[in-house]
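Presented below is the structure to which this report refers.
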Amino acid sequence: MSDDQEQLNRWDQRLGPQREAELKTAAAYQARGDHHAEHGRLEEAMADYQRAVHLEGDDPTLITRLGDAYMAQGDSVRAISHYRRALAANPNHAESNFCLAETYRKHGRMKGAITLYRKAVYAQPKNAYFRYRLGSAYFRVGRNEDAVEELRRTVELAPRDGFYRFWLGDLLLRLHRLDEAVVELEAAVRLSPFDDYYCVRLGMLYSRIGRGDDSVAVFRRAIQLRPGNAGYHWLMADSFAAMGYPLRAALHYEIAGELDPYDQDYVDRMRRQYEEVAEAAGVAAAD
């Protein structure tokens, strides 16, 4: 008897007389399992997925759901076993390929993960998230041009999704393709104006290319969104100091120090650094 069947029998015994009252189609069990999984009830989800697989053992979607439940419980060995079982039933099943790719990636098996991501993308070429994960995997192994190409395709599929615009922009920033990065990060902030992290990455890029006023404006937005984040005040201070406004910089260093006193040494060091810069530039009086 398989491990799955033994577990199924244990759950059936626990349910006792309730079993007769339950719907007994695989689709019904899957739907209820999905509902349990969505609400974090993994034991209940696994029970229903196992019943569904017991009824229709060759359905790759059901087998993959069961693999996901094992993965959520930290049992990657059984998860991988079920993903492979799903692929044995249908080698071109997009979700099974993708889930196994994610598991391989988690364990550092990037070459195998990329192969599986590509199969998932081939099966569902218009799935933006699959392409995004393939692109990020390419970047992990140093295939930068392939990564950019996949993320550009992702953006083409979902041009109004700030998440994908951000990650394309962030990748271009990491590759020092700054003009291209500005376009994508500006789009990300425009599409997701309440995401403070997107604002911060754009502000850092503005600072890097000498657009000080723009960096201050976007850091100010980030601070409005998360006023208690000390790091955002440091970045604002850096921008003011680089623009030749040491007193404004000192104000934000002081706020950062009050918000996070454990980093006071850092704040003091940065304040001294920019006071020296301001003195050398002869701008202290102007501020």
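The values are calculated or read from the model by the stated rules, or taken from the named source; none is laboratory data. The model shown is predicted, which means the values in this text are computed figures rather than measured ones. As a convention, Cβ positions derive from the backbone with ideal geometry for all residues, glycine included, and neighbour counts pool all protein chains shown.
Identification of helices (runs of 4 or more DSSP H) wholly contained in the range 143-214 with 1 or more residues that are out of contact with any Phe, Trp or Tyr (no Cβ under 8 Å at 6 or more places or on another chain) and at pLDDT below 95 yields 162-174, 178-191, 196-208. Of Tyr49, Tyr83, which residue is at pLDDT 90 or above, aromatic (Phe, Trp, Tyr) and assigned to a helix (DSSP H, G or I)? Just a single option satisfies the conditions, and that option is Tyr83.
Here Phe194 meets the list (1) surrounded by fewer than 19 Cβ atoms within 10 Å (Cβ to Cβ); (2) without any contact (Cβ under 8 Å) to a residue 24 or more places away in the chain; (3) not hydroxyl-bearing (Ser, Thr, Tyr) almost entirely, failing just condition (2). Pull up the range 62-87, narrow it to residues that are closer than 13 Å to Leu100 by Cα and of a type in the set (S, T, N, Q), then point me to the one that is surrounded by the fewest Cβ atoms within 10 Å (Cβ to Cβ). Once the filter is applied, the top-ranked residue is Ser76. The set of residues in the range 207-226 being surrounded by 23 or more Cβ atoms within 10 Å (Cβ to Cβ) and either in contact (Cβ under 8 Å) with a residue 24 or more places away in the chain or closer than 23 Å to Glu149 by Cα (or both) consists of Ser215, Val218, Ala222. For first residues located in the range 229-240 and closer than 12 Å to Asp213 by Cα, partners that are outside any helix (DSSP H, G or I) and lie 6+ apart or on another chain with Cβ distances below 9 Å form the pairs Ser239/Tyr245; Phe240/Asp287.
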